[in-house]
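Take a look at the structure below.
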Amino acid sequence: MGFDEAIKNMTKVLLKEALCTKLPEDVESALKKALEKEESEVAKSQLEAILKNIKLARETEKPMCQDTGIHIFFVRIGSEMKIDLGTIEGAIKKGVTEATAEIPLRPNAVHPLTRKNPGTNIGENMPYIYYEVLPEKDYVEITVFPKGAGSENMTTFQMLVPAQGKKGIKKFIIEWIAEKAKNACPPGVVGIGIGGTSDVAMKIAKEALLRPIGSRNSDLEISALEDEMLKAINSLGVGPMGLGGKTTMLDMHIEYAYTHTACLPVAINLQCWAGRQATGRIYQDGKVEFIRR
Amino acid sequence: MDAKLTIPVKEEDIRKLKLGDIVYLTGVAYTARDEAHMKMLEEGCPVDLDGGVIFHCGPIMKKIDDKWEVVAAGPTTSSRMNTLQPKVIEKFKVRGIIGKGGMDRDTLESMKEHGCAYFAITGGAAVLAAEGIERVDGVYWLDLGMPEALWACRLKNFGPLVVAMDTNGNSIYADVDKKVQEKLPIIEKELGLIE
C-alpha cells in the first residue's frame, strides 16, 4: 500500500471515529459529571438526551450529529519522514469524498456566494489543511476536526487596545458568552486565542478547542484566567441548550502568542457539546496508531 | 403536562400548551432552514402547511433502492430564521416549530397572534431524533442541497419536545436571558470589571 493510500484510509477512519463512534472520553465523562450537578428537570433532560445519543451513535455507527461539520485538518509531518508530501492533500480529499458517500456525511461545503453544493464536502480551500513540521519524528500525524456551524457561527474577534488589558479581555469573553452560548449547543468548550495577529489569534483559539477537557495552559497567568473565567461563565445560568442550568461550558481553554507592543487581539471560538476530533499517526515503516491529541 | 399531538394540529390544542410542557408529535412534519424559508415566501410552498409543523433541521438522508432513509436528524439553530419565521407562520398557518436555541420577540409575538408553539429538541442529538422519524415521505427542492431541502418526515411519537415558547407570549429563552442579564453585572463585579 502506497503512502497516499494509507493517508486516504486514515482520513476515512478518523472521520468515522470522530463523527460516529469515538467522542473523546474526557468529553463524555465531563458531560456525565455535568448531569450529576444539574437540579432542574429540563437541564437534566437535555444532558440525558445527549448521553443517550452518544451511546446510540456508537452502537449504530451513525453520525452523532447531523451537522457533520466542515472539515479542518491539522497535519504534522515528522522531519524524518521520507515521503512525497505532495500527495497528502489529494489523499485527504479522496478520503473526505469517500467518507461523505459511505458513512454518509452531510454535504456541507458550499460556494460562499452562489451557495452551490457539489455534494462532496470538497471545494476551493476545503477541506482546509494546516501543516506543521515536527522535528526528529518519523511519522505523519493527522488530526481531523469537523466543525459544526451551530458553534462556529458563534465565533468572534476583537482588536482590543493594550490599555484595555486583562479586564478588557474578561469583559469581551463574559459578555459574548452571556449572549451567544445558547446557540452553540452548550455545554461545550470555549476556545480563546490571545495575542499574535488577527489570523494567529483565530487559529490558536481553534487549536485551544482540541485540548482535552480539564487540561490547563502551562503558563500560570493564563491557566489562572482559564479557571477564573470558567467559573464566571458557569455562574451565568445559561445551562444545557440555553434552557437554564448550572453547566454552560464544560471547560475554557486559552492559548496565547506574543503580540505587537501596540496590539491586543482576542479571538473566541466555541465548541458544541460534541467535541468531535480524532488523531492518528502513520509511521515511516507503515505502522499506524491512534492517539488523543 | 405531557401531550400527544397529531399533525395537522388544531389551533385550540396548540393554545392549551404551557411553557415547560412535554409534547410528542405524530404525523408529517417538514424540515426547512434558511433557503427553504426564503423560497416559500418568494414562490409559495409545495406542501400544505396549514396546521403543520416545521422542523428546523438539515438532516443526513441516504437513498436505498430509490427510497430515502433518515440517518441523522437533529435540530439546527432556529435564530437564523428569525427574520423569516413570522411571515411563514402567518402566511401558511404553521402551528408548530421544532428547533434549538429559541427565536426572537417578533416570532414570539407572531406565535401568540396566530397560534403557534416552539418545541425545543436537544441540539446535536441526531441519532436519537432520527429514531422518532418513522419514514421519509418525500423531498422537495432537493436542488437546494441535502441540508436545505424540504424533507417530509413522518414522525411517530417524536419527542420528548419541551414547549419553550407558547401562545401566551412566554419563552423559556427570554426568561433565562433575563436572569443572565441580571446576573451579568454581579459576575462582572466579581471579575473586577466594575466598581
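The values are calculated or read from the model by the stated rules, or taken from the named source; none is laboratory data. Bear in mind that the values here come from a model prediction, so they are computed numbers and not experimental data. Note that each Cβ is placed from the backbone with ideal geometry, even for glycine, and that neighbours are counted across all protein chains shown.
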Test result for B:Glu134, in contact with a strand residue (DSSP E or B) (Cβ under 6 Å, 6 or more places away or on another chain), without any contact (Cβ under 8 Å) to a residue 24 or more places away in the chain and acidic (Asp, Glu): yes
Checking A:Arg106 against (1) outside any loop (DSSP other than H, G, I, E, B); (2) under 20 Å from the mean Cα position of the chain (by Cα); (3) more than 18 Å from A:Gly245 (Cβ to Cβ); (4) of a type outside the set (Phe, Trp, Tyr), the condition it does not meet: (1)
Number of the exception - A:Pro212 against (1) within 14 Å of another protein chain (Cβ to nearest Cβ); (2) out of contact with any strand residue (DSSP E or B) (no Cβ under 8 Å at 6 or more places or on another chain); (3) not in a helix (DSSP H, G or I): (1)
When residues of region A:271-293 are limited to those that are among the small types (Gly, Ala, Ser) and not in a loop (DSSP other than H, G, I, E, B), the one farthest from the chain's Cα centre (by Cα): A:Gly280
Residue that is nearest to the chain's Cα centre (by Cα), among those in region B:56-93 that are more than 12 Å from chain A (Cβ to nearest Cβ) and among the acidic types (Asp, Glu): B:Glu90
Leading residue by the ranking (nearest to the other protein chains (Cβ to nearest Cβ)) among those in region B:153-194 that are at pLDDT 95 or above and touching a Phe, Trp or Tyr at 6+ places or on another chain (Cβ under 6 Å): B:Ala164
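Okay, residues lined up against (1) modelled with pLDDT of 95 or more; (2) of a type outside the set (Gly, Ala, Ser); (3) not in a loop (DSSP other than H, G, I, E, B):
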residue	(1), (2), (3)
A:Arg76	yes, yes, yes
A:Ile83	no, yes, no
A:Thr87	no, yes, yes
A:Gly90	yes, no, yes
A:Thr100	yes, yes, yes
A:Tyr130	yes, yes, yes
A:Val133	yes, yes, yes
A:Glu136	yes, yes, no
A:Glu141	yes, yes, yes
Test: residue in region A:223-241 that is farther than 28 Å from A:Ala43 by Cβ, away from chain B (no Cβ under 14 Å) and either aliphatic (A, V, I, L, M) or in contact with a Gly (Cβ under 6 Å, 6 or more places away or on another chain) (or both): no
Set A:Glu102, A:Glu98, A:Glu141: member being under 30 Å from A:Met81 (Cβ atoms), touching a residue at least 40 places away in the same chain (Cβ under 8 Å) and within 11 Å of chain B (Cβ to nearest Cβ): A:Glu102
Count of residues meeting criterion [aliphatic (A, V, I, L, M), touching a residue at least 60 places away in the same chain (Cβ under 8 Å) and not in a strand (DSSP E or B)] in region B:99-128: 3
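Residue-wise test of (1) farther than 17 Å from B:Gly51 by Cα; (2) assigned to a loop (DSSP other than H, G, I, E, B); (3) free of Cβ contacts under 8 Å to residues at least 60 places away in the same chain; (4) out of contact with any Pro (no Cβ under 8 Å at 6 or more places or on another chain).
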{"position": "B:Lys62", "(1), (2), (3), (4)": "yes, no, yes, no"}
{"position": "B:Trp68", "(1), (2), (3), (4)": "yes, no, no, yes"}
{"position": "B:Gly74", "(1), (2), (3), (4)": "yes, yes, yes, yes"}
{"position": "B:Val88", "(1), (2), (3), (4)": "no, no, yes, yes"}
Filter result for A:Ala267 (over 22 Å from A:Glu179 (Cβ atoms) and in contact (Cβ under 8 Å) with a residue 12 or more places away in the chain): no
